[in-house]
Amino acid sequence: MKKIIALVMVIVSIFSVISMSAYAEDKSENTVTVIVNEVEFIFDADTTEEFRDKFIADYFNVDNGDTSAYGLTCTLFGHKYEESIVTAIIHKDKATDPRCLRQTYKMEACTRCTYAQKTLISQVYISCCEE
């Protein structure tokens, strides 16, 4: 029963983050760009929508319930990871040029349960928005 409630809370949290923000998706040949508020996320084209939603929820620290609940399959056979490099660009982060912050993350997420881990690889300020 607790897992069902946690799953419902995860779904409600993800939809609330997406619905409260401006959401746009642009698919180019090799990447998928998702814009939430002033943050632009750039994913590889082969990442799943579930992976993108997990990353965005994790980025904004949306509480997704009990992340230690692996389920029987992960307990017996281990996690089945989906990995990807994700770029997040925070537009107009500073008042002066360079204004935008580009962060690159390595994200690992289990496709069977709620386990997810992101690691910051690099961050640098870039000039992409006008003052």
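Tabulated results
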| item | result |
| --- | --- |
| Subset of the stretch 70-93 that is at pLDDT below 85 and part of a loop (DSSP other than H, G, I, E, B) - its residue that is farthest from I35 (Cα to Cα) | G71 |
| Any pair with Cβ under 6 angstrom, 6 or more apart, that starts in the stretch 20-45 at a residue that is under 16 Å from T87 (Cβ atoms) and open to solvent by 60 Å² or more (accessible area, probe 1.4 Å) and ends at one that is outside any strand (DSSP E or B) and at pLDDT 90 or above | E38/H91 |
| Top-ranked residue in the stretch 109-125 [being in a strand (DSSP E or B) and touching a Ser or Thr at 6+ places or on another chain (Cβ under 8 Å); ranked as surrounded by the most Cβ atoms within 10 Å (Cβ to Cβ)] | A116 |
| Residue in the stretch 52-67 that is modelled with pLDDT under 90, in a loop (DSSP other than H, G, I, E, B), open to solvent by 50 Å² or more (accessible area, probe 1.4 Å) and among the small types (G, A, S) present | no |
| Those residues of the stretch 77-92 which are open to solvent by less than 70 Å² (accessible area, probe 1.4 Å) and more than 21 Å from T31 (Cβ to Cβ), in sequence order | G78, H79 |
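The values are calculated or read from the model by the stated rules, or taken from the named source; none is laboratory data. What you see is a predicted model; the values in this text were computed from it and never measured. Here Cβ is always computed from backbone atoms with ideal geometry, including for glycine, and neighbour counts include all displayed protein chains. Each accessible area value is taken on the protein alone, full model and side chains, heavy atoms only, with ligands, DNA and RNA left out. Shrake-Rupley method; radii C 1.70, N 1.55, O 1.52, S 1.80 Å.
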